[in-house]
1. Can you go through 45, 66, 74 and tell me which one is touching a residue at least 12 places away in the same chain (Cβ under 8 Å) and not aromatic (Phe, Trp, Tyr)?
Amino acid sequence: MERLMQYLDDIEDTVFAVALLMERVRRLLQTVLLLVASVIFQGLGVLLALSRPPMALAVVCLVTVGMLYRSATGPQPVPAQPQ
């Protein structure tokens, strides 16, 4: 019976090790997708600015207003307590 418990414990350790590895892979994939999307949006922004400058200015204004709204209405960070 003790051997069975040890085998089950080893299987559990293996499953959780794979889960931790998959979390690292997920974070890496998320970072890569964020960087790729950032480069694509920047390139599209440059192309838009070269082809239609007034529309590019309108997009910049909308994004700026959206960011200001989010920073004003979002949760405020809690300052660190001195120790």
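1. Just a single option satisfies the conditions, and that option is 45.
The rows are residues; the columns are (1) in contact (Cβ under 8 Å) with a residue 40 or more places away in the chain; (2) hydrophobic (A, V, I, L, M, F, W, C); (3) outside any helix (DSSP H, G or I).
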{"residue": "14", "(1), (2), (3)": "no, no, no"}
{"residue": "18", "(1), (2), (3)": "no, yes, no"}
{"residue": "24", "(1), (2), (3)": "no, no, no"}
{"residue": "27", "(1), (2), (3)": "no, no, no"}
{"residue": "35", "(1), (2), (3)": "no, yes, no"}
{"residue": "40", "(1), (2), (3)": "no, yes, no"}
{"residue": "49", "(1), (2), (3)": "no, yes, no"}
{"residue": "81", "(1), (2), (3)": "no, no, yes"}
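Rule-based calculations on the coordinates, nothing more; no lab input. All figures in this text were calculated on a predicted structure; none of them were measured in a lab. Quick reminder, even Gly has a Cβ in these numbers, built from the backbone with ideal geometry, and neighbours come from all protein chains shown.
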